[in-house]
Amino acid sequence: MWTTLSVFILCFFSPVCCVFQKLYCTLSDSCDCDFKPNIRDLEWDLYKNVYGQHLAQEIVSEEVARFLQEKNPERPLVLSFHGSSGTGKTLVSSMLGGHLYGSAMSSPYVHQFIPTLHFPLANRVDEYRTELKTWVQGNLTECARSVFIFDEMELMPPGVVDVLEPFLGPFHVVFSTNYRKAIYVFISTTGEEVINRVTLENRQAGRDREEIRLSELQDAIAQTVYNSSHSGFFQSSIIQQKLITAFVPFLPLTRLHVERCARSQLCQQGHCQRADVVEAVGGDMSYSPTQGRFFSTTGCKAVPAKINLFL
């Protein structure tokens, strides 16, 4: 029986290391060659570099930690990120992949799908379903610890992702493949209206932002993505069967959060002392609603361009 040590010794002395290493990863069904989860660093990264998203920080760290504690989980981890553009959804998905694999997001076991690239035509749903099923099944056969990230789900043709339902349900083996160790992340702006409304009502009521709880948003997000024709989950069996582990709300960002984004990016460029640029970036953003101007309409997405403008 191959062990990690025996593979290391073979790799050290043999020019065919990569062949045996890949074979070991496949046979071991654990991807130990690249799967190196570090939950502590993930939690710290979320705390330090994600601004204004206490719900996302809590849910992602807790659900990932709980999932990885189970050597044989009953079902995959399925997270659905929702919120306005620039609130950190893609950033958090990158952090997740980055702290699970030794080669971070460049790992061959992290798979990203973009509707406009992979599923651009609404009249080819049946073809896309076949391709997606084949892609997912093939990658799970190669590595049970695969991560699948679906970005811009608001642009996904409805019906495509429903082909994943057998992979997400409470079964032990599907299509002769053990799939329960996989992680799925869906990213969408669908549901931003309800998230922004609840956040605004909370602000107007004088409550602290951190008082917003997941229970105030989870069901409303689920109903919105299920009933919206501008959603890849429109009338989806995945929603009907309650196969999403958690709907993760990303709240709209305030000027304070935008300025923290600007300060962080300036520091990365060696300009930590440029408080004038931070203030200028924050002041030049668009905010809503008109009365109050509480939340940035673009979140942190426009920050790099604004920094270049004022630096």
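All of the numbers you see were taken from the coordinates with simple rules; none came from a lab. This structure is a prediction, so every number in the text was calculated from the model and none was measured. Heads up, the Cβs are rebuilt from the backbone with ideal geometry, glycines too, and the neighbour counts pull from every protein chain shown.
Taking 2.2 N^0.38 Å as the expected size of a compact globular protein, what ratio does the Cα radius of gyration of the chain give against it, to two decimals?
Its radius of gyration relative to the 2.2 N^0.38 Å reference: 1.08.
Which value in Å does the Kirkwood hydrodynamic radius of the stretch 25-143 take, with 1/r averaged over all unlike C-alpha pairs and then inverted?
Kirkwood radius, the stretch 25-143: 16.1 Å.
Could you grab the Rg to Rh ratio for the stretch 153-263? Cα atoms only, Kirkwood for Rh.
Expressed as Rg/Rh, it is 1.06.
Within the chain, what percent of beta bridges assigned by DSSP are antiparallel, to the nearest 5?
15
Name the residue farthest towards the positive end of the dipole of the chain from the options Met156, Leu100, Ser228, assuming +1 on Cβ of Lys and Arg, -1 on Cβ of Asp and Glu, about the Cα centre.
It is Leu100, whose Cα lies furthest towards the positive end.
Non-local amide H neighbours of His111 (under 5 Å, H modeled in plane, Pro and chain starts lacking H): which ones?
Val147, Phe148, Ile149
Hey, what did the chain get for relative contact order, percent, Cα under 8 Å, at least 6 apart?
22
Could you tell me the calculated FRET efficiency between Ser103 and Glu193, based on Cβ-Cβ distance and R0 = 51 angstrom, to the nearest 0.05?
For R0 = 51 Å, the calculated efficiency reads 0.85.
Number of Lys-Lys pairs in the chain under 24 Å by Cα, sequence gap 8 or more or different chains?
Counting lysine pairs in the chain gives 20.
How big is the stretch 255-310 along each principal axis, measuring the range of its Cα positions in Å and listing the largest first?
Principal axes ranked by extent give 36, 17, 17 Å for the Cα atoms.
Sequence-distant or interchain residues sharing an amide H contact under 5 Å with Phe186, placed H: which?
Leu79, Ser80, Phe81, Phe150
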